[in-house]
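Below: the structure, in C-alpha cells.
Throughout, read-outs are computed from the coordinates displayed, never taken from laboratory work. What you are looking at is a predicted structure, and each value in this text was computed from that prediction instead of being measured. Cβ atoms come from the backbone with ideal geometry, glycine included; neighbour counts cover every protein chain shown.
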Amino acid sequence: MTITINGKKTVLPENEGRTIHSLLEELDVSQRLYVTVELNGEIQERDAFETTPVAPGDAVEFLHFMGGGC
Amino acid sequence: MALTDSQIERYSRHIILKEVGGKGQQKLLNSKVLIIGAGGLGAPIALYLAAAGIGTIGIADADSVDLSNLQRQVIHFTPDIGKPKVISAKEKIQAINPDVQVRTYQQWVSAANIMELISQYDFVVDGTDNFAAKFLINDACVLAGKPYSHGGILQFVGQTITVLPGESTCYRCIFPTPPPKDAIPTCSQAGVIGVLPGVIGSIQATEAIKFLLGKGKLLAGRMLTYDALEMKFRDVTINRNPNCPICGENPTITQVRDELELLTVCDLEKP
Ligand SMILES: [Zn+2]
C-alpha cells in the first residue's frame, strides 16, 4: 500500500491492521513517544494511536518538538 | 509625523515597494515588537527588525554573552563576552539604526512578568531556547490575544509558525503538553549549525514586518519546517485543534503558569 508520509509517497508492505501506533514503530520515527501525528490534515489524539487505522492513500505528517533557539 | 529626508533615504528600498510605501514605513516606525531571547534566533530577528525601522524593539534575556554563543548569535561580538546579551544587542541595534528605541529586560520571562511585558507590544517573537518559555509565550499570547511568531531549531532542522490567537492554530494545538524534561535534546546537548537560526530568525522577522504592514499571507495555520542538510522547506497545513487545552472548545488553561519541571541546562544560571 502507498501512503504519503511527510509529503512523500511511500510504499509499505500490505497490512490491514496498521495503526498510527504500529506505523510509528515500523518507521522507527524519532521522538516516537512525543511526536505529534497529523492524519489527513487532522491532529490525532495520542490516546487513540493504537486504535486509529492507517489506510492506503492516507497522508501522515509527523510534527517534532524543536526546543532550541539559543 | 512625516518622514525626514534621511529616513526617506534610509528606507528608500522599502518605500519603493508598493506593499510598503511611505505609509507602511511610518507604520513600522510606529510599531512595537518584543523579542524574547537574544540568542541564535533573537540575533537575526533583532538585527533585521532594527534595520527595517521598527520604532520600538523590546528585548528580554537574562543571559550574558559566552564564547560558545558567537558561532551563531551574530548580534554579539567577541569583545562582548561577559556582557549582558540585552545590552550587547541594544548597542548593535542603535548602531544600525538610531531611529529605533530599545527597551531591555535583563530577565527571564515567567508567569509573573509575561502578561505585563507583552501588553506593551504589537507583536511578539519567540527566540527562546527551552520548552518552558515556548509554552509560556504561547499561553500568554493566546490569553492576551497577542499575535506572535514561534521558532524552534535543533541541529540542522528548524520550524516556525505564526499564531493569530483565536483565529489560527496555536503551539498547543500542535503540541498540547510539553515533552518531559530531557526527553528532547537542547542545542547545547545536540548541537546546531550556526546559520540555521539565521534562516529561521529571518523568516520570523519577515512575519513580524508583514503582520505590522498588514500585507501578504502570514504563516498562520501552517508550520514551515526547514531541513538544512536536505536543503528543503516544507509547509504543513495544521488546522486548529478542537481539543487544544488553551484555544480549543473546552480550554483547561485559563491563566499562565510556569512549567518549572521543564527548566533546562540553559536556565541554570537563572538568578
Ligand atoms: Zn490552540
Mean Cα-pair separation over length for segment B:31-269, i.e. relative contact order, pairs under 8 Å, 6 or more apart, %: 22 percent
Viscosity 1.306 mPa s, temperature 10 °C, Stokes-Einstein D of chain A from Kirkwood C-alpha radius, µm²/s: 127 µm²/s
Ascending count of other beta-carbon atoms within 10 Å, so fewest first, for B:67, B:41: B:67, B:41
Average other protein chain Cβ within 10 Å of Cβ, residues B:182-193: 3
Cα centroid of segment B:175-227 to Cα centroid of segment B:8-66, whole Å: 17 Å
Leading residue at positive end of dipole, chain B (Cβ point charges), from B:156, B:180, B:200: B:200
Tensor-based shape of segment B:31-269 (alpha-carbon gyration tensor, a/c under 1.5 rounded, otherwise prolate or oblate): rounded
Cα-centred dipole magnitude for the protein assembly as shown, charges only on beta-carbon of K, R (+1) and D, E (-1), debye, nearest 20: 1320 debye
Where only alpha carbons of segment B:10-97 are counted, the Rg and the Dmax (Å): 14.1, 44
Length-normalised contact order for segment A:2-64 - Cα pairs under 8 Å, 6+ apart - percent: 49 percent
Lys, Arg +1 and Asp, Glu -1 on Cβ, resulting dipole of chain A about Cα centre, debye, nearest 20: 260 debye
Sorted by Cβ density within 10 Å, fewest first, the residues B:195, B:74, B:142: B:195, B:74, B:142
Unit charges on C-beta of K, R, D, E only; dipole of segment B:99-154, Debye: 60 debye
Cβ neighbours within 10 Å from other chains - mean over A:38-46: 4
Subset of B:134/B:181; B:146/B:215; B:23/B:92; B:18/B:146; B:85/B:210; A:8/B:232 violating a 20 Å alpha-carbon distance limit: B:23/B:92; B:18/B:146; B:85/B:210
Relative exposure of B:5, B:182, B:258, judged by other C-beta atoms within 10 Å (fewest first): B:5, B:182, B:258
Distant-in-sequence amide H partners of residue A:54 (H built 1.01 Å from N, under 5 Å): A:18, A:19, A:20
Dipole of the protein assembly as shown, positive end: most advanced residue of B:130, B:8, B:77 [Cβ charges, Cα centre]: B:8
